[in-house]
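These notes are about the structure you will find just below.
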Amino acid sequence: DQSHLHIRTLFNQEATYQAIVTGFRSHLRQAKSGDVVLFYYAGHGSQERTPQEFWAIEPDHLHETLVCYDSRTPTGKDLADKELAKLIAEVAEDNPQITIVLDCCHSGSGTREIDVAVRQAPADSRVRSLDQFLFSSREIEQLSSTDWAMPRGNHILLSACRDRELAKEVRIDGQSRGAFSYYLLDTLKQANGSLTIRELFKRTHALVTSKVTAQSPQLEATVSKELDRLFLG
């Protein structure tokens, strides 16, 4: 029923760090039990150096990140995977069905240029202080303890590639498109939407791996049985 859709779309310069955070906390956070939430990101993925407090869970001392429109400005920043996990956990508090789709490099953990064939931006060499993350002061205090764990709200994740892989683009009808996005949507159209998440991923994975090299889409679920429900309910 179209009347029950509540869609917020951020294109190009609209997709700033703060706008994405606000989208989660003001828009998606309204969802309750029985509602269906979708966060779909198509753009560049990257990495950034982590503060020392995260080294225990990041042996390579790098976060995986989503690149926002203003990320590489002097005062800008990427959205780190740990921040995305926290935002998802906040939305999950009232128990909606949450699906996350990430079509970007390094997305298996989560301004395109026309001549770039992969959805990757160079790593950000700056190191953020802990107070520049979304974490509360209490959570920052817990980082120093050995029992700190990444926030984890119940959700499904479909990602374009492993966290050490690059998400490729393909030429379709003369246009450059993200391989994962294109074959995911094409699979949904061919099936008229009547696929479980597991079936949708299996077909999309087969198409992507047959068209591009060194890119293996990933499927993750907090509760595995939810993979057998229809995509977006």
Which residues, counting only those in segment 141-154, are at pLDDT below 80 and under 27 Å from Pro96 (Cα atoms)?
Trp148, Ala149, Met150, Pro151
Is there any pair linking a residue in segment 3-23 that is under 15 Å from Asp78 (Cα atoms) to one that is of a type in the set (Val, Ile, Thr) and surrounded by 14 or more Cβ atoms within 10 Å (Cβ to Cβ), with Cβ under 9 Å and at least six apart or on different chains, and which?
Asn12/Thr111; Gln13/Thr111
When only residues in segment 203-233 that are among the acidic types (Asp, Glu) and open to solvent by 60 Å² or more (accessible area, probe 1.4 Å) count, which is nearest to Asp163 (Cα to Cα)?
Glu220
Where Lys202 falls short, out of the listed (1) at pLDDT 90 or above; (2) closer than 23 Å to Ser46 by Cβ
(2)
Between Tyr69, Tyr40, which is open to solvent by 50 Å² or more (accessible area, probe 1.4 Å), closer than 18 Å to Ala160 by Cβ and hydroxyl-bearing (Ser, Thr, Tyr)?
Tyr40
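Among residues belonging to segment 102-116 that are among the aliphatic types (A, V, I, L, M) and within 28 Å of His61 (Cβ to Cβ), point out the one that is modelled with the highest pLDDT. Don't jump to the end; show me each part of the working.
Residues of segment 102-116 among the aliphatic types (A, V, I, L, M): 102, 114, 116.
From what's left, within 28 Å of His61 (Cβ to Cβ): 102, 116.
Working: Leu102: 96, Val116: 36.
The selected residue is Leu102.
Filter segment 155-165 down to the residues that are at pLDDT 90 or above and open to solvent by 20 Å² or more (accessible area, probe 1.4 Å), then identify the one that is farthest from Phe24 (Cα to Cα). Spell out the reasoning first.
We begin by selecting, within segment 155-165, every residue at pLDDT 90 or above; these are 155-162.
Okay, now just the ones that are also open to solvent by 20 Å² or more (accessible area, probe 1.4 Å), so 155, 162.
Working: His155: 14, Arg162: 24 Å.
Going through the qualifying residues, I end up with Arg162.
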Just to check your reading of the model, which residue among Arg49, Arg8 is farther than 23 Å from Glu90 by Cα, open to solvent by 10 Å² or more (accessible area, probe 1.4 Å) and charged (D, E, K, R)?
Arg49
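State whether the residues of segment 60-72 include one that is polar (S, T, N, Q) and more than 19 Å from the chain's Cα centre (by Cα). Spell out the reasoning first.
Applying the first criterion (polar (S, T, N, Q)) to segment 60-72 yields 65, 71.
Keeping just the survivors that are more than 19 Å from the chain's Cα centre (by Cα) gives none.
Within segment 60-72, not a single residue is polar (S, T, N, Q) and more than 19 Å from the chain's Cα centre (by Cα).
Somewhere in segment 21-31, is a residue modelled with pLDDT under 95, over 22 Å from Ala160 (Cα atoms) and open to solvent by 20 Å² or more (accessible area, probe 1.4 Å)? Write out each step before concluding.
Filtering segment 21-31 down to residues modelled with pLDDT under 95 leaves none.
Within segment 21-31, not a single residue is modelled with pLDDT under 95, over 22 Å from Ala160 (Cα atoms) and open to solvent by 20 Å² or more (accessible area, probe 1.4 Å).
The values are calculated or read from the model by the stated rules, or taken from the named source; none is laboratory data. Computed from a prediction, not measured in an experiment: that's the story for all the values here. Note: ideal-geometry Cβ built from the backbone for every residue, glycine included; neighbour counts use all protein chains shown. Areas reflect the complete protein model, heavy atoms only, side chains present, ligands, DNA and RNA absent. Shrake-Rupley method; radii C 1.70, N 1.55, O 1.52, S 1.80 Å.
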